[in-house]
């Protein structure tokens, strides 16, 4: 019996000295983590692009609504010739007395302040004439980078939101916008 007891003590002492992981075990864990990351990162990137594009299209719809509200509220001025009068333009929008044709408070200050960047897009509104009543508008949302979003958006007074695959050159004019596919 004493030899069996000594053997158990040696085994117990040996087990205590061998705490931790071997190099092979650590390499296997790192390899598994890298495989999971290789699968997850492209999916995360695609989800981020889809979210940016959804936000871009939604903002274009919001700007269409703001333009319609502006032209209805200020019929003698027509449409807003650019983004600035649609926003707060430096006034406190909580006081109704501050809301005017130059600060309509229809969109947030971030979007209504140059360089008109929000999220993954640069937004712009142009018109064929800046003389009131402004008869039309041409709205664009151009992706900042192809890695942020793969579509550019545009719209005109009919409020149909059109898109093109991001080219880097933007959308030239209302006629080019009208020829693009409409989002559903």
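Is it the case, given these coordinates, that residue 165 is out of contact with any helix residue (DSSP H, G or I) (no Cβ under 7 Å at 6 or more places or on another chain), in contact (Cβ under 8 Å) with a residue 24 or more places away in the chain and more than 30 Å from residue 75 (Cβ to Cβ)?
Spelling it out, it is not the case that residue 165 is out of contact with any helix residue (DSSP H, G or I) (no Cβ under 7 Å at 6 or more places or on another chain), in contact (Cβ under 8 Å) with a residue 24 or more places away in the chain and more than 30 Å from residue 75 (Cβ to Cβ).
If you check 64, 82, 89, 98, which single one turns out to be at positive phi and either modelled with pLDDT under 95 or surrounded by fewer than 20 Cβ atoms within 10 Å (Cβ to Cβ) (or both)?
Of the residues listed, the single one that is at positive phi and either modelled with pLDDT under 95 or surrounded by fewer than 20 Cβ atoms within 10 Å (Cβ to Cβ) (or both) is 89.
The values are calculated or read from the model by the stated rules, or taken from the named source; none is laboratory data. Fair warning: this is a prediction, and the values are worked out from it, not measured in the lab. Heads up, the Cβs are rebuilt from the backbone with ideal geometry, glycines too, and the neighbour counts pull from every protein chain shown.
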